[in-house]
Amino acid sequence: MTPDPADAPVSLDVRRGNPTEDELAALLAVVSEAYTEESAQATAPASRARSRWRLSARAARATLSREAGWGGFSG
């Protein structure tokens, strides 16, 4: 079972300035909400099943080069 990322502890490093606890709480709330929305919308498209035609059709062969002649095969 995969752990829920929302249950993981959050770490925040302030590199510059001296924000108040209220400013940090507001930043954390905004970033958390944006992450939640983005992760909810980030779903992989459902793969479509291949049709019976595609399953049974062979790949088209390349056309034969008439310039090569029979000498190209030296078995």
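We did not get these values from a lab; they are worked out from the coordinates using the rules stated. If you're wondering where the values come from, they're calculated on a predicted model, not measured in any experiment. Ideal geometry is used to build each Cβ from the backbone, glycine not excepted, and the neighbour counts take in all protein chains shown.
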Burial ranking of peptide ranges 28-36, 46-54 (average Cβ count within 10 Å, highest at the top): 28-36, 46-54
Spacing of the two label points (7 Å from each Cα toward its C-beta) at residue 39 and residue 51, in nm: 3.9
